[in-house]
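Below: one structure, written as structure tokens.
The values are calculated or read from the model by the stated rules, or taken from the named source; none is laboratory data. Since the model is a prediction, treat every value here as computed from it, not as a measurement. Cβ coordinates were reconstructed from backbone atoms using ideal geometry, including for glycine residues, and neighbour counts include every protein chain displayed. Ligands, DNA and RNA are excluded from the accessible area calculation, which covers all protein heavy atoms including side chains. Shrake-Rupley method; radii C 1.70, N 1.55, O 1.52, S 1.80 Å.
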Amino acid sequence: MGGLRFIMNKKLNQSVVISLKQSDETIQYAGSELVKYFRMMSSLDEEIIVMNDCPESIDADFEIGLFTDFSISPERLEDLNLDDAIHIEVNDSKGIIAGSNPRSVLFAIYRFLEENGCRWIRPGTDGDYVPKKEIDKLSANISEKAFYRFRGSDTCGDFTIEDIIDKIEWFPKVGMNMIFNELFSLQFGWYSPDYPTLRKPGERSDFEIEIYMEKVIKEIKKRGLLYHAAGHGWTGKILGLSDIECGRTNPVEIDDEKKQYLAMVNGKREVSRRGAVHTDLCYSNPKVRKMLVQCVADYAESHPEIDFLHFWLCDGMNINCQCGLCRDIRPADFYVMILNSIDEELSRRGIDTRIVFLIYQVLVWPPLNESIKNTDRFVMMFAPARRDYRYPYTAEAECSYDIPYVNNNYSLPSTIEEYISSLKGWQKVFRGAAFAFDYHMIRYHYFDPGYFGFTKVLAEDIRKLPEIGLDGCVSCQILKVEFPTGYPAHLHAKLLWNPGFNIDKLAYEYFKGAFGNDGEKCIKYMKDLSEYFFIDFFYRQNFCPNASEPSEEESCKAIKKLSKVPNIIESFRPLIEKNLYSINKTQKLSWEYLFTHIEFVLIFSYMLRARAEGIQEIADMYWAKVVEYFVINEKRIKKVFDSGWFFSEFKTIVKPYGVDLN
């Protein structure tokens, strides 16, 4: 019997034996995780020991390995490396736990624990709810394949090295199989904040960030997760910037010789004041296209740890090249030319890295003359960045996006129908794998303090992905989205594994684990907050580009709803205060977060109500109190809330920051 064997002596004359069928690092880690949680479950912790060399004469209770180790058929799986499936057949702590690949074995371990009462409430060691159990009487029988292939999220926002590692550890607990860093290097903005805070900046050097990146990649690979990287920043590579500099949004100086590679905008070729990431290139220049191809191929060759390398154009609107050779050709045609050349160069070098290309900004207009040649090399990513979240995905959109493209004089879609019509246009020139890259939790969630209302459209979007030809979703989101709860991120992950899961049951299980016996009361409270904050009324004013001014009727409705928020809060406050003394540390922390959240919600409701009433001076005053409140309480909620990003998202409807803390 291969691999390590663990013995856990539960009683003097009784043991639970765990045997691993493979020596793979991820499977070894899966076994150690099972041991860890068994120790936490058992009420006899001091009597549990672990042995790495269990005698072959002892029969194993748990056998852990791949499908192939147990002759389980993988017939439902197209690609054993990308497709995840689990098989659990355990009765009274005797049986097998298997996965289609090492990552899936880890998924199966966490799913077995979940079936026996564990809950993964939020990232971090204080986010696991682990009940006390007799570990020799555990059972679960499951055989499932993940419904979608692409299940993950981005890493936006300001965070520490500990935050990102906690998130990586949480991902496989909820069945997420990939993590995405959309730059060449994580920025770790927490250490050098550019927003109100009482912390002293502790900016990390480029060398320290490189060490952090090595640690992050090691943790990703230990769990067998698929690593998506890059996207924004390729202009910086052409200009000779470092990985870290490519993602920064500060102005950069370049040699005059390199200016020939930049887009000509308003008669000038220069780097944007927002940095290289917001600067486009002159794609009609064959040298530029060749340089990009070599940059991508070189990067893929020197970074074999990247499973999916993203190649995007710059991040910005109406900044495309206006030279005589560029202005009459759609950027998407140049884009596809470069993509096909990247494939040819990677094939020549024998590199099998998959390339992800993006439908975003000016690329919502599909190519007119070019098409992808090798569909196996590429994955298409659909990014409806400025959509209206009142309406979910729909397959009823027109077959192609018909708003004319005009060089540097265009507006982006705002309706989901327009975005999906753009997707259908791209699907005519590319019939390969594709997934959504959507923004439910990058800013929209901030307008929903209950963290419950927006989950309706989130769930509908996930369930409708097959109708629009997509195989999953990688969420473009803030890393820390667990304030007041982590329910939306939990729901996102669970439905990507199985969109048929009952949402009410998922909510009940999550809130019971997070808040104990009063979990159902918390669900009602969160639903009420979401209902009475009227999230779309304010979100559209703040972000949707083509939103009309709210009508008097809408404003009156918002005011009426918000006026009820203080009573909702005060009615719920005694329950929070009672549960602040919960025995379980995870549930106690959940209630503490709600206690901090409740005062914010009250002030926030006053701010938005003043805005709806048209009293901007009062709205700005309350916004200053919101900012001050989060500055004071930053230490309490730093692991679950990104205050800097939150502050930046309300700059349209209130005075930025609203308070001078200098």
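At a glance:
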item: Two-decimal Rg/Rh across the stretch 586-644, once Rg and the Kirkwood Rh are taken from alpha-carbon atoms; result: 1.06
item: Which labelled figure in (1) 49, 45, 32; (2) 41, 34, 23; (3) 76, 41, 25 is semi-axes √(5λ) of the Cα gyration tensor in Å, once derived from the coordinates; result: (2)
item: Coarse-grained scattering of the stretch 184-339 at q = 0.09, 0.12, 0.17, 0.18 Å⁻¹, given as base-10 log I(q)/I(0) from a Debye sum over alpha-carbon atoms; result: -0.34, -0.59, -1.04, -1.13
item: Inter-centroid distance (Cα atoms) of the stretch 505-546 relative to the stretch 268-306, Å; result: 42
item: Between the stretch 603-626 and the stretch 326-402, the Cα center-to-center distance that results, in Å; result: 42
item: Heavy-atom accessible area per residue - the stretch 214-281, 1.4 Å, Å²; result: 45
item: Cα gyration tensor category, rounded, prolate or oblate, for the stretch 264-384 with a/c compared to 1.5; result: prolate
item: DSSP-defined antiparallel bridges as percent of all bridges, the chain, nearest 5; result: 40
item: Given Lys480/Lys521; Lys268/Lys428; Lys218/Lys494; Lys221/Lys638; Lys560/Lys655, the pairs whose alpha carbons are separated by over 30 Å; result: Lys268/Lys428
item: Inter-label distance, nm, simple model (7 Å from Cα along the C-beta direction), Thr375/Asn567; result: 5.8
item: Within the stretch 189-248, trypsin sites (Lys or Arg not before Pro) in DSSP loop having at most 15 other beta-carbon neighbours inside 10 Å; result: Arg199
item: For the stretch 432-476: relative contact order, % (alpha-carbon pairs under 8 angstrom, 6 or more apart); result: 67
item: Kirkwood Rh, Cα atoms: Rg over Rh of the stretch 457-513; result: 0.98
item: DSSP-loop trypsin sites (Lys or Arg not before Pro) across the stretch 285-362, with at most 16 other Cβ within 10 angstrom; result: Arg327
